[in-house]
Amino acid sequence: MKKSQRRSAAFVPLAGQFRSYSRVWLRSDLIAGATVAALIVPKNLGYAGIAGIPLQNGLYAAAAGAIVYGIFGTCRQISMGPSSGLAAVAASAVLAAGITSEHDVASFVAGITLASGILFLLLAVFKMGWIAQFLSRAVVTGFLFGAAIDVVIGELPKLTGTEVTGSNPIQELRSWLGTLGEAQQATVIVGVIALVVVFGLRAIAPRVPGALVLVVGGLLSAALFDLGAKGVALVGDVPRGLPSLAIPDGRLLWDHAGTVALAAVALVLIGFSQTAGDARAFAAKHRYQIDINQESTAQSFANTAAGVFQGMPVSTSLSASSLNDHSGAKTGLASITSGVTVLLTLLVLAPLFSNLPKPVLAALIIEAVVMGMMNVHEMRRLARVQRFDFWVAVAAILGTLVFGVLAGVAIGIGLSLLWLVWVATHPDMPALGREPGTQVFRETDEHPGDEVFPGVAVIRLDGGLFFATADALEDRLREVIHSTPDLTGIVLDCEGINFVDSQGAAKMTDIVQLARESGVNLRIARLKPAVRATLGRDGVIELLGAEMIHGNIYRAVKAEQAAAAKGRDETSG
């Protein structure tokens, strides 16, 4: 392959896929794309409802995201489009900005979508995809769970035909409970039936597209029973036609720049972590490589396209991507087929959605967020595996419910960073003992029966030796020196140290001097070459003495025992 062709295939992966395209794949790609479109059309009506934008705008984003990702994405099974989590972030940004006009809401949501596309491009250019790791899985689980509760509470009035007040979900729920006596009977009946249908199908026939059945059933019911005349609210005009190019209102975005920035960061962190994880999973399953930086580029272009075509934020949809995979998708052509099918729907069927009852749309939204965002299994796993992570997730839920979805993201990011700082500054430094009959040294806390040697303490640092851990290591060794009777030597196991910075090297000089002032020999075992080179450049090796550095812990302990015995002999002599 020529160099220019390789560059083209790297920037436009679809071009590379077409070079090795097999004709037998075409049918699978077309079927998969059309099948996914049948799933995402009704779901994206719901996602648009969550974000508070016109329903057709959700379809604009679905089409733009699917087509653009199919061209520029490296994962062949991913289905790109709006998601419940991203819609909740967009809705929270609108609420935080205090925007109420439908036109302004649509422009604002398109604006934060475009802003997230720009951030994704920066991630790709500077190869900073790792930044998404700052949002821990526990925080994402808690945030999405809390956001789902927020969305469900926000949809409850549509099931009863009532109006509520309140500045947060808790107040809105209290207000809604107080309006139940005013509930509109026909609306309640439609809402309850819709909930039973969509959740019932998921329980007894999970392969049936419940969202599609619900939308079709809702439209037929509205026509057969004239639900609008009976007081059931309908979604209103959904115009036929393709999206037009429209740049979001720059003044509106500037007036709420802080909210736009926070929302864009949240969309990038959540969207990238979702897409990167799903892309890796599908690539591993089908045995091909993905390019994470190109994935950032693809998400950038997809969100930019969604933003300039009056859409909403897009990322991967696991349910749609799984359906795409199971339906036989082989290349990005399947995703493009989905996008084109959505455009055809806009051209032909869009006005039909005008008669969709609002309680049916509310049931669709509730099912989407409950099944897509409330991960009860993961919450149970967190509680079982690591209780701290569970409480971090709970804190993210409470932060989202009390302060709002956008604030919940900020709280989640803060919790993730605090946890990262805590872990970095509190490395494990266990005491070690020898497994009987071997030369293996293990943690004495886990193996209390292992052999320890009088007068010799063996300590291991699990983590890099740098500015965040240097003081902790010195404090640990001071504790050992002051708490161990008749201590003659400390063996510092350095197997877990794979990095040392200038401050860590300087601290090692202080530790050597501390040991000498305390009359204790400091010995180092299992020092990695790169770490030794850094310590050598700072003079630590020369100060310590090469004879105090050992290949393994056993030799270091034996050397210290021999030195201690020699010292006792010289003293007694």
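The values are calculated or read from the model by the stated rules, or taken from the named source; none is laboratory data. This is a predicted model, so every value here is computed, not measured. Cβ atoms come from the backbone with ideal geometry, glycine included; neighbour counts cover every protein chain shown.
Scan the stretch 239-249 and give yes if some residue there is in a helix (DSSP H, G or I) and among the acidic types (Asp, Glu), otherwise no. So far as the stretch 239-249 goes, no, none of its residues is in a helix (DSSP H, G or I) and among the acidic types (Asp, Glu).
For the stretch 408-434, residues that are more than 30 Å from ALA395 (Cβ to Cβ) and under 41 Å from the mean Cα position of the chain (by Cα) total 3. Of the residues making up the stretch 275-304, those that are surrounded by fewer than 24 Cβ atoms within 10 Å (Cβ to Cβ) and under 19 Å from GLY58 (Cα atoms) number 3.
Let's see how each residue does on (1) farther than 24 Å from PRO243 by Cβ; (2) in contact (Cβ under 8 Å) with a residue 24 or more places away in the chain; (3) not in a helix (DSSP H, G or I):
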residue: PHE282; (1), (2), (3): yes, yes, no
residue: ASN293; (1), (2), (3): yes, yes, no
residue: ALA298; (1), (2), (3): no, yes, no
residue: ALA305; (1), (2), (3): no, yes, no
residue: GLY311; (1), (2), (3): no, yes, yes
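For the stretch 194-207, the criterion of being outside any helix (DSSP H, G or I), over 22 Å from SER322 (Cβ atoms) and touching a helix residue (DSSP H, G or I) at 6+ places or on another chain (Cβ under 7 Å) is satisfied by no residue at all.
Condition check for THR469 on (1) of a type in the set (Ser, Thr, Tyr); (2) over 21 Å from ALA431 (Cα atoms); (3) under 35 Å from the mean Cα position of the chain (by Cα): one failure, at (2). Out of curiosity, is ILE511 part of a strand (DSSP E or B), touching a helix residue (DSSP H, G or I) at 6+ places or on another chain (Cβ under 7 Å) and assigned by TED's automatic domain parsing to the domain that holds HIS550? It is false that ILE511 is part of a strand (DSSP E or B), touching a helix residue (DSSP H, G or I) at 6+ places or on another chain (Cβ under 7 Å) and assigned by TED's automatic domain parsing to the domain that holds HIS550.
State the number of residues belonging to the stretch 134-185 that are under 20 Å from LEU398 (Cβ atoms) and assigned to a loop (DSSP other than H, G, I, E, B). Summing the residues that are under 20 Å from LEU398 (Cβ atoms) and assigned to a loop (DSSP other than H, G, I, E, B) in the stretch 134-185 gives 5. Residues that are among the aliphatic types (A, V, I, L, M), modelled with pLDDT of 90 or more and farther than 30 Å from ASN168 by Cβ: does the stretch 41-61 have at least one? Within the stretch 41-61 (the criterion being among the aliphatic types (A, V, I, L, M), modelled with pLDDT of 90 or more and farther than 30 Å from ASN168 by Cβ), the answer is yes, since at least one residue qualifies.
Checking each residue in the stretch 514-529 for being assigned to a helix (DSSP H, G or I), surrounded by fewer than 18 Cβ atoms within 10 Å (Cβ to Cβ) and not charged (D, E, K, R) picks out LEU514, PRO529.
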